[in-house]
1. With the contact rule set at Cα under 8 Å and sequence spacing of 6 or more, what percent relative contact order holds for the chain?
2. Going Cα to Cα from residue 168, which aspartates and glutamates come in below 13 Å? Please leave out same-chain ones fewer than 8 positions away.
3. Can you sort 10, 32 by 1.4 Å-probe accessible area, starting with the largest?
4. Within a Cβ distance under 12 Å of residue 81, other residues only, what is the Lys/Arg minus Asp/Glu net charge?
5. With a 1.4 Å probe and every protein chain left in place, work out the accessible area per residue of the chain in Å², rounded to a whole number.
6. What is the sum of charges around residue 170, taking Lys and Arg as +1, Asp and Glu as -1, for the other residues whose C-beta is under 12 Å from the C-beta of residue 170?
7. Filter the cross-link list 126/152; 5/81; 96/152 down to pairs whose alpha-carbon distance in this structure exceeds 20 Å.
8. Within the set of other residues whose C-beta is less than 15 Å from the C-beta of residue 106, count the net charge using Lys and Arg as +1 and Asp and Glu as -1.
Amino acid sequence: MPESKNVDLVLVTAPYTEHYAPLPAIAILKSVAEKAGTSAKAIDLNQKYSERIVNDLYCSQIVDWFLNETYHPEIENTITKIVDDMADEIMSYSPKIVGISVFTYANQIGAKYLAIAIKERDPNIKIIMGGQGLFNHVGGEGKYIEGLQEMKLLDNYFVNDAEQTFYKWL
């Protein structure tokens, strides 16, 4: 039977981490969501877009932007296109909730801009995040989460191995 295009929940990995194997968190959480009766789709955006980034003429500038939010005028259109493509792919499933896995602090900038792009497309969509990357930023524990909440980009977050709390939340 073909997979339905519309789902309640889309789970994604946030770019950019130099990791050349799929990250397992979203696959595990997809299974948890389905067990809770929530239809779900998992998309490893980090894996999917890594090749596009590393093969770009301005790879080092793109990676610098994802890691440090350093502005490089020559990549502005590329970054916008990458983030828009990711958001459009997510929104093509018409989810009510988007879950973003923030594997390390290196994923924080990608997660933030992805959340912005999603909220621009549908301000009522719920965005949840989880992962150790929410906490190990130089700015200190909680500052990243507080900033996202102040910007109205984060509706809920999960810490540690959150399978049980995630299940209950759904």
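The values are calculated or read from the model by the stated rules, or taken from the named source; none is laboratory data. All of these numbers come straight from a predicted model, not from anything done at the bench. Counting neighbours? That spans all protein chains shown, and the Cβs are built from the backbone with ideal geometry, glycine included. Surface areas here come from the heavy atoms of the whole protein model, side chains and all, with no ligands, DNA or RNA. Shrake-Rupley method; radii C 1.70, N 1.55, O 1.52, S 1.80 Å.
1. 26
2. 34
3. Correct descending sequence by accessible area is 32, 10.
4. Around residue 81, the surrounding residues sum to -4.
5. Using a 1.4 Å probe on heavy atoms only, each residue of the chain averages 53 Å².
6. Surrounding charge for residue 170 is +2.
7. 5/81
8. Result for the local shell: -2.
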